[in-house]
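The values are calculated or read from the model by the stated rules, or taken from the named source; none is laboratory data. Just so you know, these numbers come straight off a predicted model, no measurement behind them. Note that each Cβ is placed from the backbone with ideal geometry, even for glycine, and that neighbours are counted across all protein chains shown.
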């Protein structure tokens, strides 16, 4: 985008940096937009400023979960009513200059097996993350985007629902379109949780968490009455084609996923000569969980796919 185009966008785009801690349809709107207009959500990282470039694992161990994943908004959409739908097109994502990943207490697919805290910071200025000596291009995406729920009360910002929210679909990046049901007058959009790089499933509980400005264009679809969100996405920016795939097999999909991840962690630790907790921590950034097979009873097959180049000739 040219400098002139960026200036034009900033002049005609409404900006929001108002934060709230929970989904609640009673939170007053921070601003109002008409269908066809754009707005920019300006959000801190998922720690809400509790972590910094100088943080350590000790800071992770005492983090206040009640302050994580702050929501930027709400944005009132003129004319939106229950039973309608919104189309939210992500037109631009701008990362902050730094980010972090870590292992949080009691959080992540294998949190019971990896209780020790972990923290690593990243300089995001050159658009690359170095992971075990391999360079991975950053893929900015928005982890949280949704509308206020239909019920009264506070609902955790970290929990995904049929109203969207913390869905962590790594393809909600520039050019993606997310369609959401409307449950309240004005819809009341909020978002946040910027990621610089996330794997499929955010396995360890965190990606590269980063401050982010997200510009979004909204369209209103009257009477669409969606049962749940859906998205128009592209995978073309994810160029990995060669993987080592670690399989979990069993009658319970969740346990099969845990088995696949445990297998991947053990093999990465052995091959790369790193601690198991460090191998597990990077899976939130580059691991890919896939359901390979779900029809041949009584067992199902889940794969934890790791870019093959990490293993090199190490076997």
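Here are some notes:
- Only a single criterion out of (1) under 23 Å from the mean Cα position of the chain (by Cα); (2) in a helix (DSSP H, G or I) is not satisfied by residue 239, namely (2).
- Flag for residue 259 being modelled with pLDDT of 95 or more, under 26 Å from the mean Cα position of the chain (by Cα), over 20 Å from residue 107 (Cβ atoms) and not assigned by TED's automatic domain parsing to the domain that holds residue 204: no
- Once segment 291-310 is narrowed to residues that are touching a residue at least 60 places away in the same chain (Cβ under 8 Å) and surrounded by 17 or more Cβ atoms within 10 Å (Cβ to Cβ), the residue that is farthest from the chain's Cα centre (by Cα) is 310.
- Condition check for residue 59: touching a residue at least 24 places away in the same chain (Cβ under 8 Å) and more than 21 Å from the chain's Cα centre (by Cα): yes
- Residues being exposed (fewer than 15 other Cβ atoms within 10 Å of the Cβ), touching a residue at least 60 places away in the same chain (Cβ under 8 Å) and part of a strand (DSSP E or B) - total across segment 95-136: 1
- Which numbered condition residue 189 fails, given (1) modelled with pLDDT of 95 or more; (2) in a loop (DSSP other than H, G, I, E, B); (3) more than 10 Å from the chain's Cα centre (by Cα): (2)
- Within segment 265-283, not a single residue is assigned to a loop (DSSP other than H, G, I, E, B), at pLDDT 95 or above and either surrounded by 22 or more Cβ atoms within 10 Å (Cβ to Cβ) or touching a strand residue (DSSP E or B) at 6+ places or on another chain (Cβ under 7 Å) (or both).
- Index of the failed condition, residue 220 passing every other in (1) touching a residue at least 60 places away in the same chain (Cβ under 8 Å); (2) part of a strand (DSSP E or B); (3) in contact with a helix residue (DSSP H, G or I) (Cβ under 9 Å, 6 or more places away or on another chain): (3)
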